[in-house]
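One structure is given below, encoded as structure tokens.
We did not get these values from a lab; they are worked out from the coordinates using the rules stated. The structure presented is a predicted model; accordingly, all values stated were derived computationally and were not measured. All Cβ positions, glycine included, derive from the backbone under ideal geometry; neighbour counts span all protein chains shown.
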Amino acid sequence: MKVFVAMSGGVDSSTTAALLKEQGHEVTGVTMLLHDAASDETAKTVARYLNILHKTIDLKDLFKKEIITYFVDEYNNGRTPNPCVLCNKKIKFGMLLDYALENGADFLATGHYARIELTRLTTHDSRFTLKKGIDGSKDQSYFLWMLDQQQLVHILFPLGAYTKHQVREMARERGLPVADRPESQEICFVPDDDYRALLRKSGKRFIEPGSIISPDGTEIGRHKGIIDYTVGQRKGLGIAAGHPLYVTAIDIQQNAVITGTDEDLYRSEIECDRSNIISGDQLAPESEVTARIRYNSPGSTAIIRPLKNGTILAGFKIPQRAVAPGQSIVFYDDDIVIGGAVIS
């Protein structure tokens, strides 16, 4: 099979390319340049070491239009975006997958810690299932909930059956020059993980000062811009009170930070939109799932109910703390990813 491997120059994508070549596939590495700080030099070095072809494609303009603009606009609307989820949908398994197929590839492979399995439903019908990676500490299925059947049929995740420790060891055994390279930063286009510096350059409304408001609507302080605050935050409010205060909401219309007690942070019901069900099937009127409201969440039992126009209502048996609009909520049946949505 002819396989294109998305190569960032990290240990995961490099090991992915090495494993696929050993399995006898015709492997081509491809590096996407997504922002000004991006480089293809390390990936090229690994490709030469593995004696495979390497291509570089410049997607900076597309990435800025589809991902960075979305990232800034979501903050400007008082939401906390998850750019990696959208990038997986539109860039990695959108533009890059199309590029691979147009250039003769059968599959696009990445170093994601997740698994894809083919489930045969009947003699004439089968379905691709997205599952968690076996390494619970590295599982990246949360970021892949926007994928669909048409994408999964052409995707390979060779590392999903391994732990990060095993991948490091495999890289060392093969002498890969990136075997001990540190983990990459969380958001690739944000230097030093300082997203506030990037947002301030945009000149959007969220850098304007405004009110910090108590639960009863009283102004109790001033903020220098809502980008400095997130739901659940306690430190940095600069307000003396007789009890701990937390950010409970961002009111974009008033350019205000709403505060409350820890108890005010809990929600039993979460409405979400822009949903995607990976199987392509319609949800039942009610389904019990395990739902994760953030990447590092262990998940909690919820009843999900489809509403109109891709909206879903998730009711939790255990109220969830610090629910942030704009983040992904992902639904699981054991280790199977049912799909997900964006918290609204």
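Which residues does the label zone of ALA197 cover in the stretch 217-237, counting backbone N under 20 Å from a point 7 Å along Cα→Cβ? Residues passing the 20 Å test: 224-230. Using every pair of separate Cα atoms, the Kirkwood estimate puts the hydrodynamic radius of the stretch 2-192 at 17.2 angstrom. Both numbers refer to the Cα atoms of the stretch 122-205; Rg and Dmax are 18.3, 57 Å. With the alpha-carbon atoms of the chain aligned to their principal axes, the span from lowest to highest coordinate is 67, 47, 34 Å, starting with the largest.
Distance between the 7 Å Cα→Cβ label points at ARG172 and ASN296: 2.6 nm. For the stretch 222-344, the alpha-carbon radius of gyration amounts to 1.18 times the rule-of-thumb value 2.2 N^0.38 Å expected for a compact globular protein.
Fully extending the segment from ASP36 to GLN233 would add 67.8 nm, taking 0.36 nm per residue of separation and subtracting the current Cα-Cα distance. Just need log10 I(q)/I(0) for the stretch 208-260 at q = 0.24 Å⁻¹, Debye formula, equal scatterers on the alpha-carbon atoms, no solvent, rounded to two decimals. Cα-only, vacuum Debye calculation for the stretch 208-260: -0.86.
Across the chain, the relative contact order, built from alpha-carbon pairs under 8 Å that are at least six residues apart, equals 15 percent. Between the C-alpha center of the stretch 298-334 and that of the stretch 183-238 there is a gap of 25 Å.
Quick one: longest stretch of the chain between exposed loop trypsin sites (Lys or Arg not before Pro), exposed meaning at most 10 other C-beta atoms within 10 Å and loop per DSSP?
On the way: sites that count: LYS201, LYS235, LYS308.
Counting at most 10 other Cβ atoms within 10 Å as exposed, the longest clean stretch of the chain is 1-200.
Using every pair of distinct Cα positions in the stretch 143-183, the Kirkwood expression returns a hydrodynamic radius of 12.3 angstrom.
Taking the Cα centre of the stretch 2-192 as origin and assigning +1 to Lys and Arg Cβ atoms and -1 to Asp and Glu Cβ atoms, the resulting dipole is close to 320 debye.
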